[in-house]
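Each reported figure results from applying straightforward, stated rules to the coordinates on display, with no laboratory input. On a predicted model such as this, the values are computed, not experimentally measured, just so you know. Cβ atoms come from the backbone with ideal geometry, glycine included; neighbour counts cover every protein chain shown.
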Amino acid sequence: MPTVQSALAHAAQSLSFVSESPLLDAEILLCLALDKDRSHLRAWPDKKLLPEQNSHFKALLQKRLSGMPIAYITGNREFWSRDFEVNRDVLIPRPDTELLIELALQRIPERQPYRLIDLGTGSGIIAITLAAERPDSEVIATDFSTNALTIARRNAQGHNVRNIQFLQSDWFGAISDSTLFNLVVSNPPYIADYDPHLTEGDVRFEPMSALIADNHGLSDIERIATAARRHLLPQGHLLIEHGYNQQDQVQAIFSQLNYRNIVTYHDLSGQPRVTYGQSCP
């Protein structure tokens, strides 16, 4: 049987063809197979794997070599310093979306009542994070996927977040016309169906319904921005995450709908990522 060190070395070499972080991937998979943390690998590099551990590790490694994202193999991904359950029914949380959290928290007062909605919540990372960071807020999270909502509810329970309600809904479809919000946030599908990135990397395994939108990736953004006009309180806030090359089109949509104070914010890579608009007084 291989040792911890030799198993890692062989796996990292194999993964170098499919991963930008082959050694880290190998360590994560071996920790999963051993049910240990990474400090154990460093403390016991010469420890031999048991046959069942080696078989488990090889099976996990084969999944990663097929291209399956680490998050789907392990079943979790960190976001905003919290661990979230994920599977192939939901998108994998990405650091870019933390910008949306930062911008939302700047607008949500602390220790005051506030109502917000997260449209297309997926695994719930946005709604749950905002609800946890602003426990006096009332948060609604919608998704048309019952499978995604199951994951989101488990994540909320796991983080003991109670000021949140999950609804099966096509955007605002299940929301009463009389229900108004201080803030609407969304990370909707915004990739065009002809985009070559859909055949690359992790997105090959992610739910296409959460990635692709009609009209060059803009149709869902336009639907959300249009409907939000009826559901925002005066001077309410709209924050939508979008593609790096959609800044001008999203700003034009917001402008045509008479949002005010329109501005696009850039992510850590310097790419236009979130556009903001404010409803009329």
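Nearest 5 is fine: what % of DSSP beta bridges in the chain come out antiparallel, could you say?
Of those bridges, close to 40 percent are antiparallel.
Which stretch or stretches of the stretch 181-195 have amide N atoms under 20 Å from the point lying 7 Å from L105's Cα along the Cα→Cβ direction?
So the set is 182-187.
When the dipole is taken about the Cα centre of the chain, and only Lys, Arg (+1) and Asp, Glu (-1) are charged at their Cβ, what size is it in debye, to the nearest 20?
560
Cα axis of helix 4-15 to longest principal axis of the chain: angle in degrees, 0 to 90, nearest 10?
60
With the cut-off at 21 Å, report for the stretch 76-278 the share of all Cα pairs above it, as a whole percent.
48
Among DSSP bridges having both ends in the stretch 70-223, what percentage is antiparallel? Round to the nearest 5.
Antiparallel bridges: around 20 percent, rounded to the nearest 5.
Taking the Cα-to-Cβ direction at L257 and at S176 and moving 7 Å from each Cα, how far apart do the two end points lie in nm?
The modelled label-to-label distance comes out at 2.3 nm.
Among the DSSP beta bridges whose two residues both lie in the stretch 155-281, what percent are antiparallel, rounded to the nearest 5?
60
Under a 5 Å amide H to amide H cut-off, with H placed in plane at 1.01 Å, what residues pair with F181 once short-range neighbours are removed?
For F181, whose amide H was placed from the backbone, the distant partners under 5 Å are L232, L233.
Taking Cα atoms, how many degrees apart are the long axis of helix 219-231 and the longest axis of the chain, rounded to 10 and kept between 0 and 90?
Its long axis makes an angle of about 50 degrees.
Could you work out the Rg to Rh ratio of the stretch 4-67, with Rh taken as the Kirkwood radius (inverse of the mean 1/r over all Cα pairs)?
Ratio value, two decimals: 0.93.
Expressed as a rounded percentage, what relative contact order does the chain have, with Cα pairs under 8 Å and six or more residues apart?
Relative contact order here is 13 percent.
Around R273, which amide H atoms from residues at least 5 apart in sequence, or from another chain, sit under 5 Å from its own amide H, with H modelled in the peptide plane?
The list, which skips near neighbours in sequence, is Y265, H266, D267.
First check a/c for the stretch 98-141, with a ≥ b ≥ c the square roots of the eigenvalues of its C-alpha gyration tensor; if it is under 1.5, answer rounded, and if not, answer prolate when a/b is larger than b/c or oblate otherwise.
oblate
HN-Hα J couplings of the stretch 129-134 from phi, Karplus 6.51/-1.76/1.60, θ = phi - 60°, integer Hz, Gly and Pro as x?
Working through the residues one at a time gives 4, 5, 5, 6, 6, 10 Hz.
With angles folded into 0 to 90 degrees, how steeply does helix 22-34 sit against the dominant principal axis of the chain? Use alpha carbons for both and round to 10.
For helix 22-34, the angle is close to 80 degrees.
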